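The structure appears right after this line, and notes come after that.
The values are calculated or read from the model by the stated rules, or taken from the named source; none is laboratory data. Just so we're clear, the structure is a prediction, and the values are computed from it rather than from any experiment. Reconstructed Cβ throughout: ideal geometry from the backbone, glycine too, with neighbour counts over all protein chains shown. SASA here: full protein model, heavy atoms, side chains in, ligands and nucleic acids out. Shrake-Rupley method; radii C 1.70, N 1.55, O 1.52, S 1.80 Å.
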Amino acid sequence: VIRETAASAPGKVILSGEHFVVHGSYSVAAAINRRVHVRVREFQGPKPRIVLGDQVSTISSDDGSFPVVKTVARDILSMVTKTNQDSFEISITSDIPPGSGLGSSAAVSLACAGALADFMGLTLNKNELSDMAFRGESKVHGNPSGVDVQSCLNGGLILFKKNSQTEKISLRNSFCLLVVFSGKKRSTSKLVAKVAKRREEYPNQFKRMTESVSDISLEVVEAAKGRDMRRMGSLFTLIQSQLSWIGVSTLEIDMLIEDILGANGVLGAKITGAGGGGSIIAAIDQDSGDSTLKSVSQKYPYSFISDIPQEGLRWEKPAS
Ligand code: PMV
């Protein structure tokens, strides 16, 4: 028998607090219904390997590929004895485009940590898994706040602050958001570094804005609880102006947002995640989602509507 384990984790969107969360503000994030799936099974080859589509690499090779997965895998291998290190294959499938700001690196590191730990017979708790995924994500992120990992781990809607307990917000009525990927990939770490420079240049304004973003995050939670999409839309528009001020919007993103704001049923829109390209989210009238998506996706094919799935990291039944 081929032994096999599998886990999956959702992508995420940030509703409020991206970038400022790195400097101590509250942030609000939600899981989306796009997931990364990771499967681990015995493999009759000389070395453990990673496969994603037609991309293949061994865990021991430093060819620059799969930095997140390799960090997580090496971390796990350091916890088990050599005899357990029979050759295995980690295969990844994902419906989250990498570099889109939709949490693919956090989701892949969590799903990988979950599936590989299980394969190795390790029982890791939520904190151990998230610490491991955080270390993996740090490889591509530079200075991550941890909000992505917490969102993909917990699912649902979360209120997050660095070095504090993550709070999962219970919603009596869930809601849907419009997500549009601009098609332009970007590097989170470069943008985070750009914002740090901005903070050095304007320390007082930046501090005040970080405090204001924290307040806005708490207001976003209230809007979500009350399913008040009009209020959420207006908060999104306000946040977008703050993200512009710190220099993470671009002309293309500004034009994309203008376009989306013109679509029927859209109540406000903003960058989600690091910016510089990536994706935007919009608060929409909950009764006209289908027609909003239809009109937006003509021009922006990678658009979808997501509700807020409650499940974060989960172990799957293996395929065989
Ligand atoms: O990589 P992204 O686009 O999901 O951005 C993460 C959010 C930031 O606040 C920009 C960085 C962080 O680690 O919090």
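For the stretch 145-245, the set of trypsin sites (Lys or Arg not before Pro) satisfying both a DSSP loop assignment and a count of at most 16 other C-beta atoms within 10 Å is given as 162, 172, 184, 185, 227. Projecting the Cα atoms of 191, 217, 203 onto the charge dipole of the stretch 176-225, computed from C-beta unit charges around the Cα centre, puts 191 farthest toward the positive end. What does the C-alpha gyration tensor say about the overall shape of the stretch 205-276? Classify as rounded when a/c is under 1.5, otherwise prolate if a/b is larger than b/c, or oblate. In terms of gyration-tensor shape, oblate. Measure off, as a whole percent, the carbon and sulfur share of the 1.4 Å-probe accessible area of the chain, all protein chains present. Carbon and sulfur together cover 49 percent of it. Along the axis of the charge dipole computed for the stretch 109-220 (Cβ charges of +1 for Lys and Arg, -1 for Asp and Glu, origin at the Cα centre), the listed residues 165, 129, 175 are led at the positive end by 175.
Compute the long axis of helix 104-119 from its Cα atoms, compare it with the longest principal axis of the Cα atoms of the chain, and write down the angle in degrees, 0 to 90, nearest 10. It works out to around 30 degrees.
Mind checking the full-extension length gain between residue 184 and residue 228? Use 0.36 nm per residue of separation minus the Cα-Cα distance, one decimal, nm. Don't skip to the answer; put the middle values down first.
Details: separation 44, 0.36 × 44 = 15.84 nm, distance 3.07 nm.
Stretched fully, the residue 184-residue 228 segment lengthens by 12.8 nm.
Compared with the rule-of-thumb size 2.2 N^0.38 Å for a compact globular protein, the stretch 52-153 has a Cα radius of gyration ratio of 1.02. Classify the stretch 1-73 as rounded, prolate or oblate, taking a ≥ b ≥ c as the square roots of the eigenvalues of its Cα gyration tensor: rounded when a/c is under 1.5, otherwise prolate if a/b is larger than b/c and oblate if not. Prolate.
Estimated from helices alone, the mean residue ellipticity of the chain at 222 nm is -13000 deg cm²/dmol (sum of -39500 (n - 2.57) over DSSP H runs with n ≥ 4, per residue). Normalised per residue, the accessible area of the chain is 45 Å², obtained with a 1.4 Å probe and no contribution from ligands, DNA or RNA.
Within the listed set 284, 216, 76, the Gaussian network model of the chain (springs between alpha-carbon atoms below 10 Å) gives the highest mean-square fluctuation for 76.
State whether the stretch 164-320 is rounded, prolate or oblate according to the following rule on the C-alpha gyration tensor (a ≥ b ≥ c being the square roots of its eigenvalues): a/c under 1.5 gives rounded; otherwise a/b larger than b/c gives prolate, and the remaining case gives oblate. Provide the component values of the computation, followed by the final result.
On the way: a/c = 1.37, a/b = 1.25, b/c = 1.10.
Here the stretch 164-320 falls in the rounded category.
Farthest toward the positive end of the dipole of the stretch 1-90, out of 8, 23, 77, is the Cα of 8, where the dipole comes from beta carbon charges about the Cα centre. Computed about its Cα centre, the charge dipole of the chain is approximately 380 debye, with only Lys, Arg, Asp and Glu carrying charge at their Cβ.
With the biggest extent put first, the Cα atoms of the chain measure 57, 44, 35 Å across the principal axes. Rounded to the nearest 20, the Cβ-based charge dipole of the stretch 10-59 about its Cα centre (Lys and Arg +1, Asp and Glu -1) stands at 220 debye.
Extending 7 Å from Cα along the Cβ direction at residue 259 and again at residue 299 yields two label points whose distance is 0.5 nm.
Spin-label model, residue 60 to residue 310: label points 7 Å out along the Cα-to-beta-carbon direction sit 4.6 nm apart.
For a protection proxy built on the mean count of beta-carbon atoms within 10 angstrom, sort 107-116, 255-264 highest first, please.
Going from most to least packed, we get 107-116, 255-264.
Axis angle, to the nearest 10 degrees, between helix 67-77 and the longest C-alpha principal axis of the chain: 40 degrees.
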